[in-house]
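See below for the structure under consideration.
The values are calculated or read from the model by the stated rules, or taken from the named source; none is laboratory data. This structure is a prediction, so every number in the text was calculated from the model and none was measured. Because the Cβ atoms are built from the backbone with ideal geometry, glycine has one as well, and the counts that use them run over all protein chains shown. To get the accessible areas, we keep the full protein, side chains included, count just its heavy atoms, and leave off ligands, DNA and RNA. Shrake-Rupley method; radii C 1.70, N 1.55, O 1.52, S 1.80 Å.
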Amino acid sequence: MAAPSAERERRRFGQRFLTDPARLFQHNAWDNVEWSEEQEASARSKVQENSSQLLPQDKQEEYDVNAKRYWDDFYKIHENGFFKDRHWLFTEFPELAPNRNSSQNGDSLHEFSTKEESSSEGPGRCENGHCSLESRTEGQLNLIQSTAEVCTEDLAAQEHRELNQRDGDYPGSAASYRVLEVGCGAGNTVFPILQTNNDPGLFVYCCDFSTTAVDLVQNNTEYDSSRCFAFVHDLCNDQSPFPMPEESLDIVILIFVLSAILPEKMQSIVTRLSRLLKPGGMILLRDYGRYDLAQLRFKKGQCLSENFYVRGDGTRVYFFTQDELDHLFTTAGLEKIQNLVDRRLQVNRGKQMTMYRVWIQCKYRRPTSPR
């Protein structure tokens, strides 16, 4: 899709420059940008082109089996220097800090990091794949011989955890406001919440598919085990337990996470997460929308299935529509509070380049009474 010139965008958004001329130089971004029919058709054509050649099935399976390794490698390389702390969260999701003064919120969507959501190479952070799948090496085949004993021990341990949860003996059991971030990465959402929300009853859980990512969180000087519990969790494994019981959470956060999940597994994951919510509790989501710049930049041979791609580093990403997300959440029994598209224009004046980003933001609530 040919990018319009900077001068054309100046004319199109001239009123914004006039009312706030410093905005161009400070933020280089405008939200709620309307697309023309021509622009949308061009984007659709680009996606049809880059998805015309699918990755061979054996390669797709390889990315699936090794998903955990790809995310571990990602965090080993970038550690906590890739993403910027998401202080914009409290403007978009005030539920994360209910007592926060509105004057503290700052500028809404213009605080997005150009390192993270602006980069087609940079993933959100996330869970993905099947860590339970193993390649059939000789050593692993030897391990399979003891599977029955291991499963019995795991089952006993899980039953013990569930018993303790019912008795109120679990991390954060004394808290009055519980938040879970799924796909915490290096903690760029978790730590702003802990710094901003000073509610003494707050407890934040955070998990990631990557052991390396969770280690980064736990080793951060801001990590406070009296207010936070970080743990490794594979969303795609239905038997992977959560440390808290069902109906115990006020908020579940999904920030650029669901897009990294195999599409056929998304529904079961959303349904399982919804069961963790108290009546009235909410899932907050922000993720990639259809025809985002990142989707248009993929080349032939990187497409796994419709609107689902693999990046050069082996991590994967899906691009949603509002209707797809609405179906996932309502099928899980949640009711819509918000489901909106944010189409943004970002201008790189140094390179005379305009970039169009498309993100979707959602809030879905568990009904306070059975439907």
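Val317: open to solvent by less than 50 Å² (accessible area, probe 1.4 Å) and closer than 27 Å to Val204 by Cβ, yes or no? Yes, satisfied. Taken over the range 303-333, residues that are closer than 26 Å to Leu55 by Cα and either acidic (Asp, Glu) or part of a strand (DSSP E or B) (or both) amount to 13.
Of the residues making up the range 171-195, those that are polar (S, T, N, Q) and crowded, with 18+ Cβ neighbours inside 10 Å number 2. Of all residues in the range 249-265, those satisfying the criterion of being open to solvent by 10 Å² or more (accessible area, probe 1.4 Å) and either in contact with a His (Cβ under 7 Å, 6 or more places away or on another chain) or under 24 Å from Glu306 (Cβ atoms) (or both) are Leu262, Pro263, Glu264, Lys265. Being touching a strand residue (DSSP E or B) at 6+ places or on another chain (Cβ under 8 Å) and more than 14 Å from Thr271 (Cα to Cα) is the filter here, so list the residues in the range 227-241 that pass it. Within the range 227-241, Arg227, Cys228, Phe229, Ala230, Phe231, Val232, His233 qualify. Residue pairs whose Cβ atoms lie under 7 Å apart, sitting 6 or more positions apart in sequence or on different chains, and linking a residue in the range 174-201 that is under 19 Å from Met244 (Cβ atoms) and among the charged types (D, E, K, R) to a partner that is open to solvent by 10 Å² or more (accessible area, probe 1.4 Å) and assigned to a loop (DSSP other than H, G, I, E, B), are Arg178/Gly172; Asp199/Asn99.
Would you check if Arg343 is part of a strand (DSSP E or B) and open to solvent by less than 50 Å² (accessible area, probe 1.4 Å)? No.
Each row is one residue, and each column tells you yes or no for (1) buried (at least 20 other Cβ atoms within 10 Å of the Cβ); (2) touching a His at 6+ places or on another chain (Cβ under 9 Å); (3) of a type in the set (Gly, Ala, Ser); (4) under 17 Å from Leu273 (Cβ atoms).
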{"site": "Glu324", "(1), (2), (3), (4)": "no, no, no, yes"}
{"site": "Leu334", "(1), (2), (3), (4)": "yes, no, no, yes"}
{"site": "Val358", "(1), (2), (3), (4)": "yes, no, no, no"}
{"site": "Pro367", "(1), (2), (3), (4)": "no, no, no, yes"}
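When Ala213 is tested against (1) touching a Cys at 6+ places or on another chain (Cβ under 9 Å); (2) surrounded by fewer than 18 Cβ atoms within 10 Å (Cβ to Cβ), only condition (2) is not met. Just one of the numbered conditions (1) modelled with pLDDT of 90 or more; (2) small (Gly, Ala, Ser); (3) within 22 Å of Ala332 (Cα to Cα); (4) assigned to a loop (DSSP other than H, G, I, E, B) is not true of Ser240: (1). State yes or no: is Ser268 small (Gly, Ala, Ser), open to solvent by less than 10 Å² (accessible area, probe 1.4 Å) and in a helix (DSSP H, G or I)? Spelling it out, it is not the case that Ser268 is small (Gly, Ala, Ser), open to solvent by less than 10 Å² (accessible area, probe 1.4 Å) and in a helix (DSSP H, G or I). Against the numbered list (1) over 28 Å from Glu61 (Cα atoms); (2) modelled with pLDDT of 90 or more, Thr354 comes up short only at (2). On the stretch given as the range 346-371, residues that are on the phi < 0 side of the Ramachandran plot and outside any strand (DSSP E or B) total 9. When you scan the range 271-283, do you find a residue that is in contact with a Lys or Arg (Cβ under 6 Å, 6 or more places away or on another chain), open to solvent by 10 Å² or more (accessible area, probe 1.4 Å) and part of a loop (DSSP other than H, G, I, E, B), even just one? Within the range 271-283, not a single residue is in contact with a Lys or Arg (Cβ under 6 Å, 6 or more places away or on another chain), open to solvent by 10 Å² or more (accessible area, probe 1.4 Å) and part of a loop (DSSP other than H, G, I, E, B). From (1) farther than 22 Å from Glu246 by Cα; (2) of a type in the set (D, E, K, R); (3) not in a loop (DSSP other than H, G, I, E, B), pick out the condition that doesn't hold for Lys336. So Lys336 meets the others, but not (1).
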